[in-house]
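Below is one structure; the comments refer to it alone.
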């Protein structure tokens, strides 16, 4: 804010001074919003990533999405839990692979930025539903995790209404997803009898506890960043220069 004001006084004789001040204020809002969260702030420009669709990482992400209904059928239909766990391992491996390829081949895209977390959420959702229906996990756990998604959905709608892109997934969010991806297959295997199943069940519930805590911690960081961005702008980014006062 101070930098913007000083910049405005230096170019006081120039007709572009209000624009320079407004841009300075917007830049300050972005820096402030990202501080302490470990996540780069979303930017109002819509050209931050290219609009490519048919890239190798996106094809891998789409293939991972196609496995979502297959997993649910394996768990609720034939109860082929072994194949369901193998499918989850393949999905987790493809999640790591598409990110690696996107960076190595310089094939990042806006679609990929959306597909990746969407696939993770869908897998977590179907795991919750499948395990709850089979009475492996309680329904209150489903409510806790689904409630987090509803809260973030409201925050995302607010960001979009102000012209901001979705924020990038934080390291805490990735760690939470990894914990839950480890937890639910272990709980699935822990539903059987035997010492190995008992160990899998204990370790699985430990991952559930850590994953749930990290899941909500990541949500809190996201909400703080979203609040700072929207409170800092107060209007859609395209209207900021026209409506924001010079000083």
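Going by the alpha-carbon gyration tensor, a ≥ b ≥ c the square roots of its eigenvalues, is the stretch 54-243 rounded (a/c under 1.5) or, if a/c is not under 1.5, prolate (a/b greater than b/c) versus oblate? Verdict is prolate for the stretch 54-243. Each residue, residue 96 and residue 121, gets one label point 7 Å from its Cα in the Cβ direction; the gap between the two is 2.5 nm. Quotient of the Cα radius of gyration of the stretch 92-164 and 2.2 N^0.38 Å, N being its number of residues: 1.39. Is the C-alpha gyration tensor of the stretch 154-227 telling us rounded, prolate or oblate? Criteria: a/c under 1.5 is rounded; beyond that, a/b larger than b/c is prolate, otherwise oblate. Because a/c hits 1.5 or more and a/b exceeds b/c, the stretch 154-227 counts as prolate. When both the stretch 134-184 and the stretch 89-124 are represented by their alpha-carbon centers, they are found 16 Å apart. The calculated FRET efficiency for the pair residue 192 and residue 114, based on their C-beta separation and a Förster distance of 45 Å, comes to about 0.75.
Between residue 161 and residue 89, what FRET efficiency comes out of the Förster formula 1/(1 + (r/R0)^6) with R0 = 41 Å and r the beta carbon distance, rounded to 0.05? Spell out each step's value before the answer.
Details: r = 39 Å, r/R0 = 0.95.
After rounding to 0.05, the efficiency reads 0.60.
All of the numbers you see were taken from the coordinates with simple rules; none came from a lab. As the structure is a computational prediction, the values presented were derived from the model and not from experiment. Glycine also receives a Cβ, built like all others from the backbone with ideal geometry; neighbour counts cover every protein chain displayed.
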